[in-house]
Amino acid sequence: MTEDRQIAMPTRRLLVDQVIASLRELVEHEGLSVGDRMPSEPQLAERLGVGRSTLREAIRALSHTGLLETRQGRGTFVAQDPGLPARLAAARVPEVFEVRRALEVLIAQLAAARRTSRHVERLRSALADCRRHAETGDIPAFIAADSMFHQVTAEATGNSVLVEMYGALRPPLEGALGVVADIVVPQQANDRHEVLLDAIEAGDADAAVAATTAHLDETVALFAQEC
């Protein structure tokens, strides 16, 4: 690996998010293959201009997605070819929410027209889980339940491509939700989901789209204010 190419320096508040993107850029642009060893932790920290704790958090995130693998006493290695999963894992939060908005508006519209009683039942169950975890303050569990609510909504469309697309988006989306968790009120999000669910159950596609748009626009606006 050459040492003269400089990776983009993380400058945003979401430092870990930027380090993840920089590490992915390193793997892609320097031609690293599966099994290749990454530079040492001190080298990476110096090259990216970040502390080791931030670097380790980014490496853990990429290990979770399968792009990297940390071997005790040996270092960090490339575990898979960078592709769509790696690109999604490295996506910035605003990018994730832009894609989410486009996808979920279509999902809401189709779900309202095609849902079954079983889908509505599963959505009620997922929303009940969201409310329970919001009350106890268990944010990771709330995010997982929230993600499941939207996955079931995708399944209600009856469109296998949309189901696969949303499934691929879920890991980076859950990561993005973790980033904005401190500025989004879980119970307020649950109330928005209740409106969406009622529209889907009623078969009202316009109301489902309006509920989805209002919720996501509100979340993006809150995030923009914080950055």
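The values are calculated or read from the model by the stated rules, or taken from the named source; none is laboratory data. All values reported here derive from a predicted model rather than from experimental measurement. Cβ coordinates were reconstructed from backbone atoms using ideal geometry, including for glycine residues, and neighbour counts include every protein chain displayed. Side chains are part of the model used for accessible areas, which takes the heavy atoms of the whole protein and leaves out ligands, DNA and RNA. Shrake-Rupley method; radii C 1.70, N 1.55, O 1.52, S 1.80 Å.
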**Asked** Stretch THR213-VAL105 to full length: gain in nm at 0.36 nm per residue minus the Cα-Cα span?
**Response** 38.2 nm
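Ranked highest first by the average count of other Cβ atoms within 10 Å around their residues, in what order do 48-56, 122-130 fall?
Numbers: 48-56: 16.0, 122-130: 18.7.
Packing proxy ranking, top to bottom: 122-130, 48-56.
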**Message:** Going by amide H atoms built from the backbone, whose H comes under 5 Å of the H on THR70, apart from near neighbours?
**Reply:** PHE77
**Request:** Obtain the nm distance between the two label points defined at GLN80 and HIS64 by a simple spin-label model: each point lies 7 Å from its Cα along the Cα-to-C-beta direction.
**Result:** 1.5
**Prompt:** Which distance in nm do the two modelled labels at ASP204 and SER160 give, with both placed 7 Å along the Cα-to-Cβ direction?
**Reply:** 3.4
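Ignoring ligands, DNA and RNA, how do HIS29, HIS215 rank by accessible area with a 1.4 Å probe, largest first? Walk me through the numbers before you get to the answer.
Working: HIS29 120, HIS215 20 Å².
Final ranking, largest accessible area leading: HIS29, HIS215.
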**Cα-centre dipole for the stretch 40-156 with unit charges at Cβ (Lys and Arg positive, Asp and Glu negative), debye to 20** = 140
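Suppose the chain between ASP191 and GLU95 were pulled fully straight at 0.36 nm per residue; how much longer would it get relative to their current alpha carbon spacing? Numbers along the way, then the final one.
Numbers: separation 96, 0.36 × 96 = 34.56 nm, distance 2.48 nm.
Fully extending the segment from ASP191 to GLU95 adds 32.1 nm.
Arrange the residues MET165, MET38 by how much accessible surface each exposes, largest first, with a 1.4 angstrom probe. Working shown, then result.
Details: MET165 100, MET38 5 Å².
Descending accessible area places them as MET165, MET38.
Over the residues of the stretch 142-202, compute the C-alpha Rg and express it relative to 2.2 N^0.38 Å. Walk me through the numbers before you get to the answer.
Numbers: Rg = 12.2 Å, N = 61, 2.2 N^0.38 = 10.5 Å.
So the Cα radius of gyration is 1.17 times the expected 2.2 N^0.38 Å.
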**Asked** Between ARG114 and GLN43, what is the spin-label point distance in nm, taking each point 7 Å from the Cα along the Cα→C-beta axis?
**Response** 4.9
**Asked** Over the Cα atoms of the stretch 101-227, how large are the radius of gyration and the largest Cα-Cα distance (Dmax), in Å?
**Response** 13.5, 41
